[in-house]
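Colleague: Okay, handing you the structure first.
The values are calculated or read from the model by the stated rules, or taken from the named source; none is laboratory data. Every value quoted in this text rests on a predicted model; they were computed, and no experiment measured them. Quick reminder, even Gly has a Cβ in these numbers, built from the backbone with ideal geometry, and neighbours come from all protein chains shown. These accessible areas exclude ligands, DNA and RNA; they are computed on the full protein's heavy atoms, side chains included. Shrake-Rupley method; radii C 1.70, N 1.55, O 1.52, S 1.80 Å.
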Amino acid sequence: MIVVVIGSQWGDEGKGAVVDNWGKKADYFVRVQGGANAGHSVIVGGKKIVLHLVPSGVTYAQADCLLGNDMVIDPKGLIKEIDDLSAAQALNCKSLGISPLAHLVMPYCLELEKLREQARGNNAIGTTGRGIGPTYEMRARRLGIRMEHLRHLDIMPDYVKTILAEINPEIRHWGGQGFTQKDMLGFLEQYAPYLVPMIVEYPISVTICAANAKGENVLIEGAQGLELDITHGTYPFVTSSSTIAGGACSGAGIGPTMIKKVIGVTKAYCTRVGAGPFPTKINGGLAAQIQKRGNEFGATTGRPRDVGWVDATQLAHAARINGLTGLVITKGDVLQGIEPKICTHYVYQGRKITNFDELDCCELSKAEPIYETLPGFSEDISGCRKFEDLPKGAQELFSKIQTYAGVPILAISVGPERGQTIIMKDLWQ
Ligand code: IMP
């Protein structure tokens, strides 16, 4: 069975922990898009492991982990991550393979991003600085360097020359120095011996389709979230890849009909990092309280995340675009003692707006959110393992989120540890 787990807000929903929780029965874990802009925290035995590129199933001995086709991979970052995981004795998976179709984040991509974000001033996107945007640009420009290129270093001098002829003038335009062919070839030669043995022989599509045909379980983990999708998100304040379930088809090399389930992960509240509209953003002391309790600081950049309420119009958007079949609510415990709200609709220029798509990105930043306030709960729910064990106020909050999303809840996480989860339905059945 192939299952896709994706973020249904602006990223950081806790997908890593969800994937890790359901991981015992997975034969394959596949990351399909994005790069080290993602930061998935997994807590195993009280130890926090932050994964940026490696799939969250890396701790499971029965599983093969794959870095998929639409990923953009910084070689230095990947090797450091692998070394750190090994040092923490957390690299336990059967194998770790890289798609030959994935792209390398090259040093000039990191440099370009830095220079351009600086030059944009107030109009900066607030990117993670991991070279993501420029690497996807180079891919679309047909000047990207794929993993499979590392097997053919003999053809690289010419190719790198062509790349630098286009990219150096732009770097210099923004005040940078430019890169030499010698240095870039040196970069490729330095990392090829580490990476080539990890590049799988054929595109991962072959492996995943064969696994599916044998009845094995494949868990595809998305990075970021729907509202950061390059097409469907709050453009231009988005990332550069397809973060939706549909994107998983390209990133894994599978047809849409092969996906059995699409699980959307949402927090019991909402967060966002970087610039762009966030209609349900909370300000002041309450935001700081939720931020602190929920440890809402970027796993990649350490930036504090803006905090807001669950937005019903936005969740319904996520359910529709992704074709969600199930919902996982995370960080349920964080709202203990806080009167929760859910945004049911917006008012924009006197009109009631119930459909997220009715407003474009510019209008969204001016929309007034209208809330339903719920009683909430004062009890500690971190020990609850059944929905019936939850206090009435918590049950009401989670049920409302389910109703507004229009998708059944599969699980609710009530604490950061592996196993601190209320499982309502087994993912693999
Ligand atoms: P980029 O992906 O680094 O180009 O950043 C583009 C936008 O997406 C910025 O607003 C980032 O803060 C946001 N972003 C990228 N990756 C993540 C993530 O994993 N979680 C939350 N926000 C992210």
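Colleague: Where does the chain land at 222 nm, in deg cm²/dmol rounded to the nearest 500, when only DSSP H runs of n ≥ 4 count, each adding -39500 (n - 2.57), divided by all residues?
Modeller: Computed mean residue ellipticity for the chain: -9500 deg cm²/dmol.
Colleague: Per residue, what volume in Å³ does the Cα convex hull of region 247-392 take up?
Modeller: Hull volume over Cα atoms, normalised by residue count, gives 158 Å³.
Colleague: Any idea how far the Cα center of region 157-221 sits from the one of region 5-52, in Å?
Modeller: Cα centroid of region 157-221 versus Cα centroid of region 5-52: 23 Å apart.
Colleague: Hey, got a sec? Which GluC sites (Glu not before Pro) in region 175-225 land in a DSSP loop and have at most 14 other Cβ atoms within 10 Å?
Modeller: Sites meeting the loop and neighbour criteria: GLU201.
Colleague: Would you please put 128-137, 1-10, 401-410 in order of how densely packed they are, using the mean number of other Cβ atoms within 10 angstrom per residue and starting with the highest?
Modeller: 1-10, 128-137, 401-410
Colleague: By how many degrees, 0 to 90 and rounded to 10, does the Cα axis of helix 75-87 deviate from the longest principal axis of the chain?
Modeller: Tilt relative to the chain: about 60 degrees.
Colleague: Another question about this same structure. In terms of the Cα gyration tensor, with a ≥ b ≥ c the square roots of its eigenvalues, is region 214-255 rounded because a/c is under 1.5, prolate because a/b exceeds b/c, or oblate?
Modeller: Because a/c hits 1.5 or more and a/b exceeds b/c, region 214-255 counts as prolate.
Colleague: Let's see if you can work this out: charge +1 on each Lys and Arg Cβ, -1 on each Asp and Glu Cβ, no other charges. What is the dipole magnitude of region 122-213 about its Cα centre, in debye to the nearest 20?
Modeller: Dipole about the Cα centre, nearest 20: 180 debye.
Colleague: Rank these residues by their accessible area, most exposed first, probe 1.4 Å: ARG142, ARG293.
Modeller: ARG142, ARG293
Colleague: Moving on. Of the cross-linked pairs LYS341/LYS400; LYS25/LYS214; LYS15/LYS267; LYS114/LYS281, which ones have a Cα-Cα span greater than 18 Å in the structure shown?
Modeller: Violating the 18 Å Cα-Cα cut-off are LYS114/LYS281.
Colleague: Does anyone have the angle between helix 156-173 and the longest principal axis of the chain? Alpha-carbon axes, 0 to 90°, nearest 10?
Modeller: On a 0 to 90 degree scale, this one is about 60.
Colleague: Let me ask something additional. Per-residue counts of other Cβ atoms within 10 Å, averaged by peptide: what ranking do you get for 28-35, 278-285, 64-71, highest first?
Modeller: 28-35, 64-71, 278-285
Colleague: Taking the Cα atoms of region 320-376, report the difference between the largest and smallest coordinate on each principal axis, in whole Å and largest first.
Modeller: Here the spans come out as 35, 28, 16 Å, largest first.
Colleague: Taking 0.36 nm per residue of separation and subtracting the Cα-Cα distance, what length does fully extending PHE297 through ASP426 add?
Modeller: Full-extension gain reported as 43.4 nm.
Colleague: In terms of Cα to Cα distance under 16 Å, which aspartates and glutamates are near enough to LYS161, apart from those fewer than 8 places away along the same chain?
Modeller: Result set, ordered by chain and number: GLU170, ASP183, GLU189.
Colleague: Among 109-116, 330-337, how do they line up by average Cβ neighbours within 10 Å per residue, starting with the highest?
Modeller: Ranked from most to least packed, the peptides come out as 330-337, 109-116.
Colleague: Run a plain Debye calculation on the chain (Cα atoms as equal point scatterers, no solvent) and give log10 I(q)/I(0) at q = 0.06, 0.08, 0.11 Å⁻¹, rounded to two decimals, same order as the q list.
Modeller: Cα-only, vacuum Debye calculation for the chain: -0.24, -0.43, -0.82.
Colleague: Rounded to the nearest 20 Debye, what is the dipole magnitude of the chain about its Cα centre when Lys and Arg each give +1 and Asp and Glu each give -1 at the C-beta?
Modeller: Using only the charged Cβ atoms, the result is roughly 200 debye.
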